[in-house]
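Asks: So that we are looking at the same thing, I have put the structure below in structure tokens.
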């Protein structure tokens with residue numbers, strides 16, 4: 001039975017390392033979003049089919065900033081994966 005190429009093994013090791021970190025960052029971002037959502041206002045806006053009010057109640061204005069730590073981890077993982085892939089070429 002053949003083993004995985006070294007570059008693939010390195011990529012899998014890196015993915016294993018990022019999985020718990022990515023999960024924690026996602027859960028933190030979700031909690032930050034949840035704490036900012038005005039649930040009653042969101043429900044009223046959705047019932048009225050008013051998307052701009054719904055987005056405002058959901059804190060969509062701050063979405064990018066709130067999710068930034070998660071995005072930074074994904075960008076880092078992508079960059080490291082790209083470097084490993086380039087080495088394999």
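The values are calculated or read from the model by the stated rules, or taken from the named source; none is laboratory data. Everything quoted here is computed from the prediction, not taken from an experiment. FYI the Cβ positions are ideal-geometry reconstructions off the backbone, even for glycines, and counts take in every protein chain you see.
Asks: Determine the pairs where a residue that is touching a residue at least 40 places away in the same chain (Cβ under 8 Å), located within the range 21-34, has a partner that is surrounded by 16 or more Cβ atoms within 10 Å (Cβ to Cβ) and outside any helix (DSSP H, G or I) with Cβ atoms under 8 Å apart, the partner being 6 or more residues away or on another chain.
Replies: none
Asks: Just to confirm my filter: which helices (runs of 4 or more DSSP H) fall fully inside the chain and include at least 3 residues that are at pLDDT below 80?
Replies: On the way: elements: 6-36, 39-47, 51-57, 63-88.
Qualifying helices (runs of 4 or more DSSP H): 6-36, 63-88.
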